[in-house]
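Below is one structure, written out as structure tokens, with a few remarks after it.
Any read-out appearing in this document is the output of simple, stated calculations on the displayed coordinates, not a laboratory observation. Being a predicted model, the structure only gives us computed values, none of them experimental. Using ideal geometry, Cβ is built from the backbone for each residue, glycine included, and neighbour counts are taken over all protein chains shown.
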């Protein structure tokens, strides 16, 4: 089963071809076009600007992809239908439907979060079939999910306010760091002391698997109001450590409680090297297998979308032609 995947949920345009053969997944090819430079001057993603660049880039990227993987060799077309920015999602979905209809191919609308669940397995060529606890951390989502088997998802916890990536971006703005904030905080943190400021570990001992980062964000703001506040590098390192402590410890606790042997980490924030290192070390210390998405599959990418679709299309699943985008689409739980 070979699938052409399209991703336009926010500010990255991506096209990929993924092949599923038995129990293995192979990323045949992938291209990602970032828009960071276009949004940097505005300090964040401008929806209208993002849509314009998707319109400019998507068609040439698909045509380039089809040079090496002709449409005749593709068994289906997949696209992200949510969650994300409505106008960005519409660009990709309209294009994918048109392409599939013209070629007489089935199409499938994919949940972006489900794509992230697949991403830690992509570079290993595996299907997410083994029981595991998955941590997804991005600019808009922080989710802890139990995956007892393929396509079986149980929500363990989520953020009650700011997502982890959102907290990184807001703290970066407080500190006057450029967009995108997350990588800039990490860059500063490399020169800082993670124990310099004792920021709170919100809900670490709440007895559940939910998260909260708004209090931590407020603590950074309060600390900055002190005349003798710590250097920026120390603030970044201490903030980053506080976030990582909560994310990692709750994930490990969930895995132990559910008696699963594997934990996974994905989403844009999983590119953070300190978080990746802490996640892998904590898992190893507890005798757990840690699968962390490679950076190329951590941010928005079409390979993870095509991978989900390859598995679902093979099972006979398709989407109706009148399926619309859903900016607030939730992961189907069962």
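If you take every DSSP beta bridge fully contained in region 129-292, what fraction is antiparallel? Give it as a percent rounded to 5. Bridges in region 129-292 that DSSP calls antiparallel: roughly 55 percent. Among 6, 296, the order by Cβ neighbours within 10 angstrom, fewest to most, reads 296, 6. Quick one: grab the alpha carbon gyration tensor of region 36-142, order the square roots of its eigenvalues as a ≥ b ≥ c, and give me rounded if a/c is under 1.5, else prolate or oblate depending on whether a/b is larger than b/c. Oblate.
Between residue 21 and residue 158, what FRET efficiency comes out of the Förster formula 1/(1 + (r/R0)^6) with R0 = 41 Å and r the beta carbon distance, rounded to 0.05? Between residue 158 and residue 21 the formula returns 0.75.
If R0 is 25 Å, what FRET efficiency do you get for residue 48 and residue 94 from their C-beta distance, rounded to 0.05? Working from the Cβ atoms, E equals 0.90. Remark: spin-label model distance residue 259-residue 149 equals 1.7 nm, labels positioned 7 Å along the Cα→Cβ axis. Averaging Cα coordinates gives a centre for region 150-184 and one for region 249-271; these two points are 17 Å apart. Note on residue 322 and residue 286: with the Förster distance fixed at 45 Å, the Cβ-Cβ geometry gives a FRET efficiency of about 0.40.
Straightening the chain between residue 174 and residue 273 buys 33.4 nm, computed as 0.36 nm per residue apart minus the Cα-Cα spacing.
Using a cutoff of 8 angstrom between alpha carbon atoms and counting only pairs six or more residues apart, the relative contact order for region 129-292 works out to 27 percent. The C-alpha atoms of the chain define a longest principal axis, and helix 214-224 lies at about 50 degrees to it. Please report the relative contact order for region 231-316, taking Cα pairs under 8 Å with a sequence separation of at least 6, and give it as a percent rounded to a whole number. This gives 27 percent for region 231-316.
Mind sorting out which of [x] 18.9, 56; [y] 19.9, 66; [z] 22.2, 67 is the real Rg and Dmax of the Cα atoms in Å computed from the coordinates? Only one listed value fits the structure, namely [y].
For the chain, the longest principal axis of the C-alpha atoms and the axis of helix 47-68 are separated by about 50°. If you take the square roots of the eigenvalues of the alpha-carbon gyration tensor of region 129-292 and sort them as a ≥ b ≥ c, do you get rounded (a/c under 1.5), prolate (a/b over b/c) or oblate? Prolate, because a/c is 1.5 or more and a/b exceeds b/c.
Specify the angular offset, from 0 to 90 degrees and rounded to the nearest 10, of the alpha carbon long axis of helix 112-122 from the longest principal axis of the alpha carbons in the chain. Once rounded, the angle reads 90 degrees. Residues of region 162-179 with amide nitrogen under 18 Å from the 7 Å Cα-to-Cβ point of residue 56? Within reach of a label on residue 56: no residues. For the chain, the antiparallel share of DSSP beta bridges with both residues in that region comes to about 60%.
Residues 228, 64, 11 in ascending order of nearby Cβ atoms (within 10 Å, fewest first): 228, 64, 11. Counting every other Cβ atom within 10 Å of each residue's Cβ, 137, 17, 222, 46 order from fewest to most as 222, 46, 17, 137. Dividing the helix sum by the residues of the chain, where each DSSP H run of 4 or more adds -39500 (n - 2.57), gives a mean residue ellipticity at 222 nm of -13500 deg cm²/dmol.
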